[in-house]
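**Student:** Below is one structure. I have some questions about it.
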Amino acid sequence: MTITANAPATSTGSNRVTTFVNAVAGETLSSRVRFTAFAVATGAVLTESVVGSYWDLARTQYVVDTFADLKYPMYFATILGVSKLAAVAAAVVPGFPRLKEWAYAGLTFVYVGAAASHLAIGDPAPKWISPLVFAGLTFVSWSLRLPAQRDPKPLPKVAPRFKALVGRSGRTEQV
């Protein structure tokens, strides 16, 4: 069902709101389901990142105890807290698709690293399953992004400067 700007206003909302929702979430049921899944996954990941960043930077008792169990230095909490805030900022600011790719990668490293750390010291399943769930939600958010949010121009296979540098060193390229 396509709703146009010329359609009469309904009791559920104005034409502008409906047109905006259709533009963002799509006009078909499958695109709306996709957008809803993206919004839920992204909301969960960004909320956890903001809350986790606050906990890391505020050195809550949970963070202090967890870092002591993992035998991590407390300055690592500052690094994680600032990194999570930077990832959230990159994900929320419009544009900069390559920066968003790095933000998703960074959050994936944080969550998978947390799960691996808890597994390495033999923590029970709830300690390492939770980070893996957030790693999965990060992947869902990354994979369901709108095409406009993706990097339209991937990196070249071999950077021209590197290719020129390798060519000057006397090495031959094998194709």
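**Student:** May I ask for the percentage of alpha-carbon pairs in segment 23-114 that lie more than 20 Å from each other?
**Tutor:** Considering segment 23-114, 44 percent of its Cα-Cα pairs are separated by more than 20 Å.
**Student:** Note the full-extension length gain between residue 133 and residue 36 as 0.36 nm times their separation in residues minus their Cα-Cα distance, in nm to one decimal.
**Tutor:** Values: separation 97, 0.36 × 97 = 34.92 nm, distance 1.80 nm.
That pair, residue 133 and residue 36, stretches by 33.1 nm at full extension.
**Student:** Between residue 79 and residue 60, what length in nm is gained on full extension when 0.36 nm per residue of separation is reduced by their alpha carbon distance? Don't skip to the end; give the middle numbers.
**Tutor:** Values: separation 19, 0.36 × 19 = 6.84 nm, distance 1.51 nm.
Stretched fully, the residue 79-residue 60 segment lengthens by 5.3 nm.
**Student:** At 1.4 Å probe size, with the rest of the protein present, what percent of the exposed accessible area of segment 54-136 is carbon and sulfur atoms?
**Tutor:** Details: 3640 of 4870 Å².
Roughly 75 percent of what the probe reaches on segment 54-136 is carbon or sulfur.
**Student:** What distance in nm lies between label points placed 7 Å from Cα along the C-beta direction at residue 120 and residue 50?
**Tutor:** Output for this residue pair reads 3.1 nm.
**Student:** Using label points projected 7 Å from each Cα along Cα→Cβ, tell me how many nm separate residue 93 and residue 149, to one decimal.
**Tutor:** 1.6 nm
**Student:** In segment 57-135, which trypsin sites (Lys or Arg not before Pro) are in a loop and have at most 13 other Cβ atoms within 10 Å, using DSSP for the loop call? Numbers along the way, then the final one.
**Tutor:** Working: sites: 59, 71, 84, 98, 100, 127; in loops: 59, 71.
Those that pass, being in a loop and sparsely packed, are 71.
The values are calculated or read from the model by the stated rules, or taken from the named source; none is laboratory data. In this text the structure is predicted, and so the values were computed from the model without any measurement. Virtual Cβ from ideal backbone geometry, glycine too; neighbours counted across all protein chains shown. Calculation scope for accessible area: heavy atoms of the full protein, side chains included, ligands and nucleic acids excluded. Shrake-Rupley method; radii C 1.70, N 1.55, O 1.52, S 1.80 Å.
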